[in-house]
Amino acid sequence: MKKIGTSIFVLLLCCLFCSGKAITIPTDDDEIVARKYFYQGLNGYQQSLFEGFVFSEFPAGKTVKQFLTGDAGLRGATRVAQALLFRNKPGDKENAIEILRWILKNQHTNEKSENFGMWKTNVSVDRLDKNWREFIGCDLILIYEGYKDILPADLLTDIKIGLIRAAKGARTRDVGADYSNISIMSAFLMDYAGSAFQIDDLKKSGLKKALEIYQLFQRHQTFSEYNSPTYYGVTLIAIALWRELGSEKLKKMGTTLESSMWHEIASNYNPKLKNFVGPYFRAYGMDVKKYYAITSIWIALAVDQEILAPLPKGAGEKLGELSNISTIMHLGLSVPKDVLPQLKEFDTPRFLDRLVPSKIAGDTLKHVTAVVNEDWMMGGLWGNRRAWNQIKTGTIHWISSGNVIEWLLVPGEGTINVRVSNATMQIYRSDEKSTRFSVYVYAKDLAEKNFTEIMWRFPAMELFIQSKLKRSYLKITDRTTIYEECAISEEYPAVMKITFQIPSSWKNEDPLLEITPIK
């Protein structure tokens, strides 16, 4: 987005505050829709999202002392302070200042420690999460930049010191470019601290990291942390930080990456199902209408209608991710015009075929295939060697009566490859030592009679099954087990686990299982 003249911008702000309506900032780039947010101009839906976050963490009547317990999360507290400054109702600024002073006191300051510059996750039990440098540091930058005129001088000094520590710690850690969301924030943190506080070596480190990220993206026009409903949202935040507050080179790269990112999100998104096609390189569930994913928050603001938003109605699981609404509103949206219609209404069936770079040993290039139809979609991942429940190696989604999303999942066991065509999912073994694998199915009707040797039948979908393997069925109703095995955070009454036994004589070039959806 190109900058507009200061006088025009001031005039727009005057119109905004006089009318009480949100505005879209005009831009010379006809291909981009840019939106800026100010609390007084939020419409009813935007305000419900914003206040929903504030109320969940810091409801009216709660004191700062009651809020800042030993169990309070520092990342969430930073965003509460940020949101209070954004809202700026009576008492908000004073509460925000008190919260910020507490946050700044809880940073690791030993320069000889690998934890230098990190903030504690909480005071009572610090999980020593190195990513808190970037998460809290980037939110503090937005506060430092946005509220210099109203914050005390000594607090601004403490924020500056905290940011320099965090940037130096990030430089020492030197996270790889393929750790997408963290590396992009890390590059920005170093670039900003180096530029704003005249520390040349930090600025050079930030630019070097940014170029590594940009070059890795250019190889296959995608990020290594591919198609994560949660972490693509963090990546969008990080790129928007480049766009808004990075040095000139970061601004240019960020603008390019942001546009590409939105187009990729749109290609993976089905607005009728209000879900993203798999596979997911990292995901905390199978239905984003039931849990809060950060990419969904971006889409909710882009479509700007509750009925179109891929978010839970009410609390939902992973509610804490709604804290990102404050950060996103501080950054504003910059969405390609051709993407917006694709987020609102299903356009056309499509087949996706992508190569994704990775630096994990034995796992340098992954192959994604996926098909997106109006009422169902499926995707597969070939080349994953990491056993991790957040990875969804194969997925099928379909829509049932009452707009209920039903699904099939091949989890990230690290020993299975999945490939899909327009019609069929094929599952192969990648490790000859593997003696079994499982798939998980959710549907409203999970009676065992629905599962035969050749067909799994549900009211809205039939799955034609081809396999020579012996299998067993287990209906899981324990939510903890489902989360531990598949990182599914949302609640389901039951999930069917089907386990296939692989004989020692099996040839890896033969498919273990073929699934053909019949909608």
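Any read-out appearing in this document is the output of simple, stated calculations on the displayed coordinates, not a laboratory observation. All values reported here derive from a predicted model rather than from experimental measurement. Positions of Cβ are generated from backbone atoms using ideal geometry, with glycine treated the same way; all protein chains shown enter the neighbour counts.
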(request) For residue 400 paired with residue 491, estimate the spin-label separation in nm (one decimal), with each label point 7 Å from Cα along the Cα-to-Cβ line. (result) 1.7 nm
(message) Considering all alpha-carbon pairs of the range 448-490, what whole percent are spaced by more than 13 angstrom?
(response) 66 percent
(message) Please compute the contact order of the range 52-146 in relative form: average sequence separation of alpha-carbon pairs under 8 Å and at least six residues apart, divided by the residue count, as a percent.
(response) 27 percent
(message) Can you tell me the length gained on complete extension of the stretch residue 149 to residue 252, counting 0.36 nm per residue apart and subtracting the Cα distance?
(response) 34.3 nm
(request) Evaluate the relative contact order of the chain (contact order divided by residue number), counting alpha-carbon pairs under 8 angstrom at least 6 apart; express in whole percent. (result) 11 percent
(request) Starting from the range 443-500, pick out the chymotrypsin sites (Phe, Trp or Tyr not before Pro) whose DSSP state is loop and whose Cβ has at most 16 other Cβ atoms within 10 Å. (result) none
(request) Note down the nm distance, to one decimal, between modelled labels 7 Å out along Cα→Cβ at residue 501 and at residue 125. (result) 4.0 nm
(request) Give the peptides 484-492, 33-41 in descending order of average Cβ contacts within 10 Å, highest first. (result) 484-492, 33-41
(request) With r as the distance between the Cβ atoms of residue 98 and residue 355 and R0 = 41 Å, compute the FRET efficiency 1/(1 + (r/R0)^6) and round to 0.05. (result) 0.25
(message) List the pairs from 272/449; 252/289; 274/519; 112/203 whose alpha-carbon separation is above 25 Å, in the order I gave them.
(response) 272/449; 252/289
(request) Give the label of the value calculated from the structure for volume of the Cα convex hull per residue in Å³, choosing from [x] 197; [y] 153; [z] 177. (result) [y]
(message) Over the range 247-350, what is the relative contact order in percent, taking alpha-carbon pairs closer than 8 angstrom and at least six residues apart?
(response) 32 percent
(message) As a test of the formula, what do you get for the chain when each DSSP H run with n ≥ 4 contributes -39,500 (n - 2.57) and the sum is divided by the residue count, at 222 nm and rounded to the nearest 500 deg cm²/dmol?
(response) -12500 deg cm²/dmol
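Would you mind getting me the FRET efficiency between residue 510 and residue 436? Use the beta-carbon distance for r and R0 = 25 Å, nearest 0.05. Don't skip to the answer; put the middle values down first.
Working: r = 16 Å, r/R0 = 0.64.
Computed FRET efficiency for residue 510 and residue 436 comes out at 0.95.
Rounded to the nearest 0.05, what FRET efficiency do residue 364 and residue 389 give with R0 = 22 Å and r taken as the Cβ-Cβ distance? Could you check? Don't jump to the answer; show the numbers that get you there.
Working: r = 23 Å, r/R0 = 1.03.
That gives a FRET efficiency of 0.45.
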(request) Run the quick spin-label model on residue 481 and residue 31: label points 7 Å from Cα toward the beta carbon, then report their separation in nm to one decimal. (result) 5.2 nm
